[in-house]
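The next block holds one structure in the form of C-alpha cells; read it before the comments.
The values are calculated or read from the model by the stated rules, or taken from the named source; none is laboratory data. Model, not experiment: these values are computed from the prediction. Every residue, glycine as well, gets a Cβ built from its backbone with ideal geometry; the counts of neighbours run over all protein chains shown. Side chains are part of the model used for accessible areas, which takes the heavy atoms of the whole protein and leaves out ligands, DNA and RNA. Shrake-Rupley method; radii C 1.70, N 1.55, O 1.52, S 1.80 Å.
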Amino acid sequence: MPRSQACPSSNDTLFDGRLICRQSVDGYRFSVDAVLAAHFAAPRAGERLLDLGCGCGVIGLILAHRHAHIAVVSLELQEELAALTEENSRLNGFGDRLRVVRGDVRTVGEVLPPESVDWVVCNPPYGRPDSGRVNQDRQAARARHEVSGTLADFVRAAAFCVRNRGRVVFVYPARRCNTLLQALHTHRLTPKRLQPVYSYPGTDNARLVLVEAMKNGGEQIDILSPFYLYERKNGEYTPAMLALYREDPCWPR
C-alpha cells in the first residue's frame, strides 16, 4: 500500500517555509512544547546533540536548521516515527548531520555509547498510563503517555548519554516540576536554568517548565522571568513566542 494511504501525512513548515516537517495527520503531531525545548538549548559549533524520543524529529530539525555546525542524533522507538524523521532529514538536506537511531530509552546503552553527546534535549511523555484519558491512536499514545518509558527512564537515559559537564534540556508540565527536579538530581543532573511558561499574562499558574541541567554541575540556578505563549486569553502569540519561529536567539544565556 502506498505510504500516503497507509499513513496520511502533512507537510508543515517553520521559519517562513525554510524548514519542512512532515508529520502524520492522525497520529502523533508535535506541539509548541517541542518548539520551546528546541530553542532553549544553545549548542556551540562542533558539538553533538541527542534528541531523546524524537517523534517526527522536530526538535532535531529545528536545532540542525538553526545551528549549521552541530551534529544531531535522534533516538526513536517507533519505526514509523523513526522513518518519518529520516524522511524529514532528507527533505531538509541535513544529510549526515542528523542521524536517526532506533532504540528504547530504557535500554539506551544497547544503541548509544555512554557520555557520547554534549547536549540532550527531551520532550518526554507527560501522561501516566493509569490516569486521565490515553490517546486512542497507538502512535500518539506511546509518544504522549508513559507507555514505553517513564520520566525516570528518560532522565536516566539522558544522564547516561551526556558527557561530564554536558547539558540536558527537559520540558515538562509545571504542576509536576518537583518530579522532574527530583529525577534530575537523582542522576547527578543539576538544574542551572529554569524557565516558567505561562499561557498568557494574568494566569495564576505556569503551564510548563523548561529546565536546563548540567551533569555534575554546581548548585547555582537561574530562575528566568515568566514566558508567555499568548498575549491574552484566546489571543495571538506574543512577540516572544513568534520569535521562536525565527533564527534569532530567544532566551538570555
Inset, instruction - Please determine, by comparing only the residues of the stretch 71-80 that are of a type outside the set (D, E, K, R) and either open to solvent by 10 Å² or more (accessible area, probe 1.4 Å) or at pLDDT below 95 (or both), which one is nearest to R48 (Cα to Cα). - result: A71
Inset, instruction - Could you please find all residues in the stretch 210-226 being more than 18 Å from V171 (Cβ to Cβ) and part of a loop (DSSP other than H, G, I, E, B)? - result: N216, G217, G218, E219, Q220
Inset, instruction - Just need a number here: residues in the stretch 196-209 that are part of a strand (DSSP E or B) and farther than 17 Å from H185 by Cβ. - result: 4
Inset, instruction - Would you please list the contacts, defined by Cβ atoms under 6 Å and residues six or more apart or on different chains, that run from a residue in the stretch 155-179 that is in a strand (DSSP E or B) and modelled with pLDDT of 95 or more to a residue that is open to solvent by less than 70 Å² (accessible area, probe 1.4 Å) and of a type in the set (S, T, Y)? - result: P173/Y126
Inset, instruction - Determine whether R232 is at pLDDT 95 or above, more than 18 Å from the chain's Cα centre (by Cα) and either assigned to a strand (DSSP E or B) or surrounded by 21 or more Cβ atoms within 10 Å (Cβ to Cβ) (or both). - result: no
Legend entry - Which numbered condition C250 misses (of (1) at pLDDT below 95; (2) part of a strand (DSSP E or B)): (2)
Legend entry - Residues of the stretch 17-70 that turn out to be touching a helix residue (DSSP H, G or I) at 6+ places or on another chain (Cβ under 8 Å), open to solvent by 40 Å² or more (accessible area, probe 1.4 Å), farther than 16 Å from L244 by Cβ and not aliphatic (A, V, I, L, M), as a count: 2
Legend entry - Single condition A143 does not satisfy, out of (1) of a type in the set (A, V, I, L, M, F, W, C); (2) crowded, with 24+ Cβ neighbours inside 10 Å; (3) modelled with pLDDT of 85 or more: (3)
Legend entry - Residue under evaluation V197, criteria (1) open to solvent by 20 Å² or more (accessible area, probe 1.4 Å); (2) of a type in the set (A, V, I, L, M); (3) in contact (Cβ under 8 Å) with a residue 60 or more places away in the chain, criterion not met: (1)
